[in-house]
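Take a look at the structure below.
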Amino acid sequence: MLNKFKAAERLERTESDDAADMPVGVARPRRGGLIHRLAPQRLTSRIVLLNLLGLIILVAGILYFNQFRQGLIDARVQSLTTQAHIISAAVAGSATIDTGSIVIDPDSLDVPSEDGSSDASQLNALDFPINPETAGPILKRLLTNTTVRARIIDNDGNMVVDSRFLFGRSDIVQSDVPPIDAGKEPILVRWWNRASNWLFAYDYPPMGEYGLDNGKSFPEVAAALSGASVSLVRLNESRQIVVLVSVPVQRYRAVLGALVLSTTGGEIDDVLRAERHVVLLTFGFVALVTMLLSVFLAGTIAEPIRRLSAAAEQVRRGISRRVEIPDFGSRRDEIGHLSGAIRDMTNALYNRIDAIEAFAADVSHELKNPLTSLRSAVETLAFVKTDEQRARLIEIVKHDVKRLDRLITDISDASRLDAELARSEPGPVDMMKLLSAIVSLANETRKDDQAAIDFEVARLPNGIDTQQGYTVIGHESRLGQVVRNLVDNARSFTTPGTRLSVRIRRVGPDVEFRVDDCGPGIRPDNLERIFDRFYTDRPDGSFGSNSGLGLSISKQIVEAHRGRIWAENRHGKIDANGERPVQGARFLVRIPAVGDDRAPAHKP
């Protein structure tokens, strides 16, 4: 069963390694829907596509919801309505009254009759025929240099005059220009016209063809014959917009017929098509500029990310050499911050690797010494002849076993320190209470040959809260371990009959505590080395009593709290030789207080 589990674990690790070993730039298999599969894989393509997509949506909205077409139609309706009223008045003035032998004076039409009614009200019973020979020239003069088509329809629905066919010297002249044959247009133009007609199709009803005697079948003509003016929008056979305006032709309130004005097919469509061309040309220019700017923007984003990704991949693969991460620190944007973060992370990773290698080498070296001594003692034990020699070897074995146990314990504690500090949540720690508790416990449990400890609390500066003046953000158990290590270390160097001193005070934004002993002090060249792992410099007779990890662990804990620890010698007054004798060693620790930006983050 164990072998199966190990085989499955190796298979899983192999699959994950194979996935991780894929080279940079090779797309990994994607999982997702159709959008994920069709999406571009390069960041540059995505930026260009998204920018163009937004521009396309904007242009499509402008073309689809554009109000220019309706405004153009309304303006044309108003213009045609004004023209229609002018033309209808001119045509009505040219109409004659056919009364046989009766002669009617138009000036007397508005005179009331004997029964009180106006003679004008009787005009509806009279016949005011519209003479095509007089109406035609009027239409021709009024519609010169225009594309408007006019039709006059009498009360019976018969076509009287059509401006498309006007009389001139007994000849019929057709004024419309025949349309261009669509089959002779270039194929690209035909495709564009078809696409444009499909995209911008109109929903207006189709326009019927006026005949010679079917005028009353059209609603606009019927409305005009009843005395109303109407306007309509229709589509001709070519699906082109035609605006129609129908007004009554009346004289003295008598409706003589209907005048229908209509625009030429394609007149409004040409204007709309020209507007679309301008919009599309503008879109093409803006799209080109957008693509260039997108490529430039993507180059400033995608290229640095690609280089950072390639460097990160080299870091993962590089075993025997250090890889230099590209430095974009000159950029003050997110790319610059990312570059700095990756460089710091890589340096921290290399430093951690070096520390692990150095730690493994130190552990191996430190474990070999007691093991070698232990092996020599065990091998020699078989050859001793006296009980005194045997007891001495056994004592050496016990000493080496204790030393191994102490080393393994300290090594285990040091190896778990980083993980514990990273997992646990820091909180507020009152360093004055912590130091007071540790000093009291050390005094109560001290042995006769150990020095007593004095504890002193300095007065807080003005303006600092007395409740939180000595409070820091950190891990109480680990900070207590630092204090105990420093106290134990000072006791090991203090001569009997002397006392230790522990003092806490506030130094600017930091909480500082120090431990003073009355020992021989520290050699100047060892003030930094004493914080190295497994380094010991102790009096004779104490070899093997310490692992050399206490101060190293203390420094690691203090730096994890963004603080600083250092050692210095205490000097006395100047003696007769002009020198200041060393009176002992002093270890100082400063940790940012609550409220300082350097303090570790704490989530309440």
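Here, each number is a calculation from the coordinates, and none is a lab measurement. These figures come from a predicted structure and were not determined experimentally. A quick note on method: Cβ atoms are made from the backbone with ideal geometry, for glycine too, and the neighbour counts reach across all protein chains shown.
Which residues does a label at residue 58 reach in the stretch 261-288, if reach means a backbone N under 11 Å from a point 7 Å past the Cα toward the Cβ? Backbone N within reach: 283, 286-287. Shown is the FRET efficiency for residue 575 and residue 523, computed with R0 = 25 Å from the Cβ-Cβ distance and rounded to the nearest 0.05: 0.80. Cβ-Cβ distance of residue 364 and residue 418, R₀ of 22 Å, FRET efficiency by 1/(1 + (r/R0)^6): the value works out to about 0.65. Whole-Hz Karplus values for the stretch 478-495 come out as 6, 5, x, 5, 4, 4, 5, 4, 5, 5, 5, 5, 5, 5, 5, 9, 7, 6 Hz, taken residue by residue from phi with 6.51 cos²θ - 1.76 cosθ + 1.60 and θ = phi - 60°; glycine and proline positions read x. Considering only 576, 438, 475, and ranking their Cα positions along the charge dipole of the stretch 424-604 that arises from unit charges at the beta-carbon of Lys, Arg, Asp and Glu, the one farthest toward the positive end is 475. From Cα pairs below 8 angstrom and at least 6 apart in sequence, can you work out the relative contact order of the stretch 424-604, rounded to a whole percent? Reported as a whole number, the value is 25 percent.
A DSSP coil position with no more than 15 other Cβ atoms inside 10 Å describes the following trypsin sites (Lys or Arg not before Pro) in the stretch 360-459: 385, 446, 447, 459.
Rounded, prolate or oblate, given the Cα gyration tensor of the stretch 414-560, with a/c below 1.5 counting as rounded? Judged from the Cα gyration tensor, the stretch 414-560 comes out oblate (a/c at least 1.5, b/c at or above a/b).
Are there any trypsin sites (Lys or Arg not before Pro) in the stretch 282-362 that are in a DSSP loop and have at most 16 other Cβ atoms within 10 Å? List them by number. Sparse-neighbourhood loop trypsin sites (Lys or Arg not before Pro): 321, 322, 331, 332. You can think of it this way: the chain between residue 341 and residue 476 has 45.6 nm of extra reach, that is 0.36 nm per residue less the Cα-Cα gap. Taken along the Cα-to-beta-carbon direction at a fixed 7 Å, the label points for residue 348 and residue 458 span 3.1 nm.
Rounded to the nearest 20 debye, the dipole size of the stretch 424-604 about its Cα centre is 140 debye, using +1 on the Cβ of Lys and Arg and -1 on the Cβ of Asp and Glu. Of the residues 461, 557, 511, the one whose Cα sits farthest towards the positive end of the charge dipole of the stretch 424-604 is 461 (charges of +1 on Lys and Arg Cβ, -1 on Asp and Glu Cβ, taken about the Cα centre). For residue 448 and residue 194, the difference between the fully extended length at 0.36 nm per residue and the C-alpha to C-alpha distance is 80.7 nm. Here residue 405 and residue 327 are evaluated by their C-beta separation; at R0 = 41 Å the FRET efficiency comes out at 0.30.
The simple spin-label model puts a point 7 Å past each Cα toward its Cβ; for residue 141 and residue 564 those points are separated by 10.7 nm. One decimal place: the segment residue 357-residue 45 gains 107.9 nm when fully extended, by the rule 0.36 nm per residue minus the C-alpha distance.
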